[in-house]
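Here is the structure we will look at, set down as C-alpha cells.
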Amino acid sequence: MGHDALARPIWVCKTGRILFETLHPQAAQVADFLIAVAEPVSRPQIIHEYQITSLSLTAAIANGISVEQIIKILVKLSKNAIDDSFLQFIREKGRITGKLHLVLRDGRHFLESEEATLLTHLCSHDEVVECLVSSGAVDRTAEVDSTQVEKLKSAAHRLGFPLLQEYEFRRDREDTNPHLPAVLRPSVNLRPYQQRALSKMFSMDDVAKSGIVVLPCGAGKTLVGIAACCRVGRRALVLTTTAVAVDQWRRQLQLYTTLPPEDVYIFTADQKRPIEDAERRACIVISTYSMLGFTGRRGGDTAFILDQLQQLEWGLLVVDEVQVMPARTFRTVATTIKSHCCLGLTATLVREDDLIQDLHWLIGPKLYEANWQQLQEDGYLARVRCIEVWCDMSEEFFIEYLQAQDSDDVPGSMRATLQRSLWTCNPNKLKTCEFLIRHHEERGDKIIVFSDNIFILKEFARKLGRYYICGSVNLRERMQILSEFQESAACNTIFLSKVGDNAIDLPVANVIVQISSHYGSRRQEAQRLGRILRPKPQAQCSAGGFNAFFYSVVSRDTQELYHANRRQQFLVEQGYNYQVVRDHRLSRLDQQNLIYSSKESQLQLLKQVLESVRRGEAEEADEDFTGVAEPVTSTGKPAEPEAPTEEKVSLASLSGGLDGSYVVAPVARSKRLKVGN
DNA sequence: AATCCAGCAA
DNA sequence: CAGAGTGCTGGATT
C-alpha cells in the first residue's frame with residue numbers, strides 16, 4: 001500500500017470483488033468506470049460493492065475498453081496491490097473475448113471469427129459440433145443449424161467463448177431487410193444517460209450490438225428502445241408483457257417518431273391484423289410474450305400472423321421487461337424469431353430463481369446500467385421516501401390467524417392462504433391505508449394502491465368509491481381508468497393488482513400504498529417503486545425534498561413482516577432509505593371516521609374474508625370441501641367470531657404484553673404464542 | 001408440489 | 001355484433 005492510499009477510492013480483492021468509497025472527490029468517474037467493467041452487487045449510501053466476472057469483462061471489452069486499460073485504471077485506483085492471479089485472469093479473458101460472432105445472413109445463421117484458430121478450437125467441442133450444419137469451419141465460417149442457435153449460444157458461453165451478435169445494418173440488403181421509414185421527431189431530446197446507453201449499443205457507427213440496457217422505470221426505457229429501432233432502420237419486433245404495455249409502446253412510437261401509423265402493427269389477443277406486403281415493406285410489430293410463446297390452440301388469423309413473424313427477418317428485436325424472458329416458454333422466442341440483433345430493456349435485472357444468468361447468452365451482455373441515486377440527484381427521477389408502516393393485527397383477525405395455524409379443522413393447504421388473507425385484510429391496515437389515501441389526496445397527490453389479493457382489492461376499492469384494475473377488468477375499461485387517472489382531477493386514487501407490476505406507464509402518480517405483495521419478491525417491490533419515479537414538477541416537496549412516497553403497509557406479528565424484510569433489502573441495496581413507522585404514530589388515525597373504524601364493519605369484513613377463502617377452496621375441490629366443512633362449522637369458530645371468549649382474552653393480553661419488546665422475528669414470535677397457548 | 005392470478009381463445 | 005363469462009396454459013413464488 002502506497003502512502004497515497006488514502007486518496008484512492010477502491011480496494012480490489014483477488015476474487016474480483018471491489019469495494020468503493022463513494023465519498024471520493026472523483027466518485028462519479030470512478031463509478032462510471034466500475035459500472036463498465038464490473039457488476040454492481042450492492043450500492044447503498046457510502047461503500048459500494050462491485051464484482052468483476054468473466055461476463056462483466058466480456059461486456060467491457062465488447063464495449064471497446066482494452067484489457068490493458070482496465071488493468072491500468074484498476075492499479076491506479078486501488079489502495080492495495082492487486083493480486084497477480086487476478087490480473088492474469090483479466091488478461092486471459094481479453095485474449096478470447098469479442099472475437100467470435102454469430103451472424104444472420106439470408107435467414108441462415110453463421111459462426112464467424114477473424115481468428116481461424118479460435119473458431120477451430122470452439123468447433124472441436126462435441127456440444128458445438130452438434131449445433132452445426134456441417135462439422136468444422138471453412139474459411140473462418142461455420143453454418144449453424146437455425147433450430148440449435150440457443151443451444152449453441154449456451155454451449156459457447158459455458159465453454160468460456162461468449163458469442164457476439166452484431167448487426168451491420170447499413171450494409172444489409174434491401175430485398176430481405178427493407179428500410180424502415182422512421183426517424184425521431186426533431187423535438188425529441190434524448191437525455192444524457194439515454195444517449196450513453198445508445199452509444200454503448202452503437203459504439204461503432206453502423207453496427208448494432210446485442211445486449212441489455214438497465215434503466216429504472218420512469219427513466220425512459222421505451223424511448224431508448226424506439227431510438228434504437230430508428231437507428232437500425234429495419235424491421236423491428238417489440239415484445240412486452242401485457243396488452244396495456246403494447247398499447248403504450250404504440251402510442252409512444254407515434255409520439256416520438258415519424259413512422260406512419262399504418263406501419264405499426266399490434267399483435268395481441270384483442271387486436272391483430274396480418275402484415276400487408278410483408279416481404280417488401282418494413283414495419284414495427286408490437287406484441288406480448290404470451291402471444292409468441294403460447295403453445296395452446298391458435299385461431300386461423302393468429303396462426304397466419306405468427307407464421308409471418310417467424311418467416312420474416314428482423315433487424316432488431318426489442319425485448320421489454322427482459323427479466324421475464326428466461327421463463328421456459330418465453331425464451332423460445334429467441335429461437336423462433338430470426339433477428340439480427342436484440343436489445344433487452346429492464347428496470348430490474350433480478351429474479352428469485354437463477355435464470356437471470358441465462359440472459360447473458362440469450363440476449364447478450366449488459367450494455368449499460370444507470371445508477372438510480374445518480375439519476376435522482378440529477379433530477380431525472382423523483383426523490384422517493386420509502387416508509388414501511390407496521391399495523392397491529394385487530395384482535396379478531398389475530399385470533400383467526402393463530403387458530404388457522406393451530407387448528408386441525410383447517411386443512412393444511414388452506415392454512416397459508418387463510419393466514420395470508422387475514423394479514424392482508426387486517427382492518428387496522430386498511431384504516432391506515434385509507435388514512436394515507438385521504439392525506440395524500442388532500443395534498444393533491446396521485447395515488448396507486450397495490451394489492452395482490454383480489455378480494456380485498458375489489459372490496460376496498462368499491463367501499464371507497466375508487467376505480468380498480470385487476471385481470472378481470474377488460475382492456476377498454478383499463479385504458480379508460482388509466483387515462484382518467486392521468487388527466488382528471490376527480491380521479492386521484494386507483495387500485496391495481498399485480499397486472500400493474502410491469503410496464504404500465506402512469507407518469508402522474510407520485511404515491512404508492514402497498515397493502516399486499518407477492519411474498520418476498522424483490523422484483524415486484526422495485527417495479528412498483530418504479531411506478532412513481534418519474535419526476536413530478538406539480539407535486540409539492542416535503543421536508544427533505546421528497547416528492548414521491550412509497551408506503552408498504554404490513555401487519556405486525558405475522559409472517560408478512562418476514563417477507564417485507566426481504567423485499568426491503570433490495571431497495572436498500574439500490575440506495576434507498578427505508579423508514580419504519582408504527583400505525584398509531586400516524587396522526588389522529590383513531591379519531592377519523594374511516595370505513596373500517598367500527599367493530600361491526602370489522603366483523604363483517606372478517607366474515608367476508610373467511611368466506612372468500614373458503615369459496616376459493618370450494619371451487620378447487622368440491623368433495624374435500626364438504627368433507628372438512630362439517631367439523632369447522634360445528635365448532636363454530638369461523639362462523640361466529642364471538643364464540644371463544646376465554647381465548648380472546650388471553651391472546652389479547654399476551655399480544656399486548658409483547659408489544660414493546662418486538663424486534664425482528666415475527667415467525668418465532670407467532671410460534672412462541674402458539675406454544676404458550 | 002402447490003398456490004394464485006394473468007393472458008389467450010372463440 | 002359485442003362483450004361477458006369460461007376453460008386452459010403458464011409464470012412466479014414459496
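Got a sec? Which of A:Q527, A:Q569 is open to solvent by less than 10 Å² (accessible area, probe 1.4 Å) and on the phi < 0 side of the Ramachandran plot?
A:Q527
Could you tell me whether segment A:355-372 includes any residue that is within 16 Å of DNA strand B (Cβ to nearest atom) and farther than 23 Å from A:Q248 by Cα?
yes
Can you pull out the residues in segment A:86-110 that are of a type in the set (D, E) and either in a helix (DSSP H, G or I) or without any contact (Cβ under 8 Å) to a residue 40 or more places away in the chain (or both)?
The answer is A:E92, and nothing else.
From the list A:G107, A:G94, which residue is on the phi > 0 side of the Ramachandran plot and open to solvent by less than 70 Å² (accessible area, probe 1.4 Å)?
So the residue among A:G107, A:G94 that is on the phi > 0 side of the Ramachandran plot and open to solvent by less than 70 Å² (accessible area, probe 1.4 Å) is A:G107.
Would you check if there is a residue in segment A:17-28 being surrounded by 15 or more Cβ atoms within 10 Å (Cβ to Cβ), in contact (Cβ under 8 Å) with a residue 40 or more places away in the chain and outside any strand (DSSP E or B)?
No, every residue in segment A:17-28 fails to be surrounded by 15 or more Cβ atoms within 10 Å (Cβ to Cβ), in contact (Cβ under 8 Å) with a residue 40 or more places away in the chain and outside any strand (DSSP E or B).
Is it fair to say A:A31 is more than 24 Å from A:P162 (Cβ to Cβ) and loosely packed, with under 15 Cβ neighbours inside 10 Å?
Considered against the rule, which asks whether it is more than 24 Å from A:P162 (Cβ to Cβ) and loosely packed, with under 15 Cβ neighbours inside 10 Å, A:A31 comes out as no.
If A:D83 satisfies every condition in (1) in contact (Cβ under 8 Å) with a residue 40 or more places away in the chain; (2) surrounded by 16 or more Cβ atoms within 10 Å (Cβ to Cβ); (3) over 30 Å from A:K153 (Cβ atoms) but one, which is the exception?
(2)
Whether any residue in segment A:249-257 is charged (D, E, K, R), away from DNA strand B (no atom under 16 Å from the Cβ), closer than 18 Å to A:A347 by Cβ and assigned by TED's automatic domain parsing to the domain that holds A:V324 is what I want to check.
no
I want to confirm something. Restricting to segment A:41-50 and keeping residues that are open to solvent by 30 Å² or more (accessible area, probe 1.4 Å) and closer than 23 Å to A:H360 by Cβ, which single residue is farthest from the chain's Cα centre (by Cα)?
A:E49
Every residue in segment A:451-472 that is in contact (Cβ under 8 Å) with a residue 60 or more places away in the chain and within 13 Å of DNA strand B (Cβ to nearest atom), please.
Correct list: A:S451, A:D452, A:N453, A:F455, A:I456, A:E459.
Mind listing whichever residues of segment A:266-323 are more than 16 Å from DNA strand C (Cβ to nearest atom) and of a type in the set (K, R)?
A:R280, A:R281
Quickly run through segment A:205-225 and pick out the residues that are touching a residue at least 60 places away in the same chain (Cβ under 8 Å) and assigned to a loop (DSSP other than H, G, I, E, B).
Matches in segment A:205-225: A:S210, A:L215, A:P216, A:C217, A:G218, A:A219.
So which of A:T120, A:T176, A:T147, A:T141 ends up being β-branched (V, I, T), under 30 Å from the mean Cα position of the chain (by Cα) and open to solvent by 30 Å² or more (accessible area, probe 1.4 Å)?
A:T147
Please enumerate the residues belonging to segment A:248-275 that are among the hydroxyl-bearing types (S, T, Y), under 25 Å from the mean Cα position of the chain (by Cα) and not in a helix (DSSP H, G or I).
Passing the criteria: only A:T268.
Counting just the residues of segment A:473-513 that are buried (at least 19 other Cβ atoms within 10 Å of the Cβ) and part of a helix (DSSP H, G or I), which one comes out nearest to DNA strand C (Cβ to nearest atom)?
In this case the residue turns out to be A:K498.
Which of the residues spanning segment A:347-377 are out of contact with any helix residue (DSSP H, G or I) (no Cβ under 8 Å at 6 or more places or on another chain) and away from DNA strand C (no atom under 16 Å from the Cβ)?
A:G364, A:W372, A:Q373, A:Q376, A:E377, listed by residue number.
Only one residue in A:A245, A:A182, A:A228, A:A197 is of a type outside the set (K, R), in a helix (DSSP H, G or I) and surrounded by 23 or more Cβ atoms within 10 Å (Cβ to Cβ). Which one?
Matching residue, one of A:A245, A:A182, A:A228, A:A197: A:A197.
If you check A:L6, A:L74, which single one turns out to be modelled with pLDDT under 95 and part of a helix (DSSP H, G or I)?
Unique residue meeting the criteria: A:L6.
Quickly run through segment A:252-265 and pick out the residues that are over 18 Å from A:T240 (Cα atoms) and either open to solvent by 20 Å² or more (accessible area, probe 1.4 Å) or within 16 Å of DNA strand C (Cβ to nearest atom) (or both).
Those that are over 18 Å from A:T240 (Cα atoms) and either open to solvent by 20 Å² or more (accessible area, probe 1.4 Å) or within 16 Å of DNA strand C (Cβ to nearest atom) (or both): A:L255, A:Y256, A:T258, A:P260, A:P261, A:E262.
I'd like to know if segment A:312-319 contains one or more residues that are in contact (Cβ under 8 Å) with a residue 60 or more places away in the chain, over 27 Å from A:R170 (Cα atoms) and either touching a helix residue (DSSP H, G or I) at 6+ places or on another chain (Cβ under 6 Å) or more than 13 Å from DNA strand B (Cβ to nearest atom) (or both).
no
Determine which single condition A:R523 fails, assuming it passes every other condition in (1) assigned to a helix (DSSP H, G or I); (2) away from DNA strand B (no atom under 16 Å from the Cβ); (3) farther than 17 Å from A:Q248 by Cα.
With respect to (1) assigned to a helix (DSSP H, G or I); (2) away from DNA strand B (no atom under 16 Å from the Cβ); (3) farther than 17 Å from A:Q248 by Cα, A:R523 is out only on (2).
Condition check ((1) over 20 Å from A:V103 (Cβ atoms); (2) not aliphatic (A, V, I, L, M)) across all residues:
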residue: A:F169; (1), (2): no, yes
residue: A:R185; (1), (2): yes, yes
residue: A:L190; (1), (2): yes, no
residue: A:Q195; (1), (2): yes, yes
residue: A:S199; (1), (2): yes, yes
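Name the helices (runs of 4 or more DSSP H) wholly inside segment A:363-450 in which the number of residues that are open to solvent by 10 Å² or more (accessible area, probe 1.4 Å) and modelled with pLDDT of 90 or more is 3 or more.
Fully inside segment A:363-450 and qualifying: A:395-406, A:427-442.
Sort through A:T346, A:T336 and tell me the only one that's of a type outside the set (A, V, I, L, M, F, W, C) and either in contact with a Pro (Cβ under 9 Å, 6 or more places away or on another chain) or surrounded by fewer than 18 Cβ atoms within 10 Å (Cβ to Cβ) (or both).
A:T336
Filter segment A:156-173 for residues that are open to solvent by less than 30 Å² (accessible area, probe 1.4 Å) and outside any loop (DSSP other than H, G, I, E, B) and give the result.
Matches in segment A:156-173: A:A156, A:L164, A:Y167, A:F169.
Got at least one residue in segment A:473-492 being among the aliphatic types (A, V, I, L, M), assigned by TED's automatic domain parsing to the domain that holds A:L605 and within 12 Å of DNA strand B (Cβ to nearest atom)?
Yes, segment A:473-492 contains at least one residue that is among the aliphatic types (A, V, I, L, M), assigned by TED's automatic domain parsing to the domain that holds A:L605 and within 12 Å of DNA strand B (Cβ to nearest atom).
Please find, within segment A:303-334, the residue that is farthest from the chain's Cα centre (by Cα) out of those that are assigned to a loop (DSSP other than H, G, I, E, B) and aliphatic (A, V, I, L, M).
So the residue we want is A:L312.
The values are calculated or read from the model by the stated rules, or taken from the named source; none is laboratory data. As the structure is a computational prediction, the values presented were derived from the model and not from experiment. In this analysis, Cβ positions are derived from the backbone assuming ideal geometry, glycine residues included, and neighbour counts consider all displayed protein chains. Remember, those area values only see protein heavy atoms, side chains included, never the ligands or the DNA or RNA. Shrake-Rupley method; radii C 1.70, N 1.55, O 1.52, S 1.80 Å.
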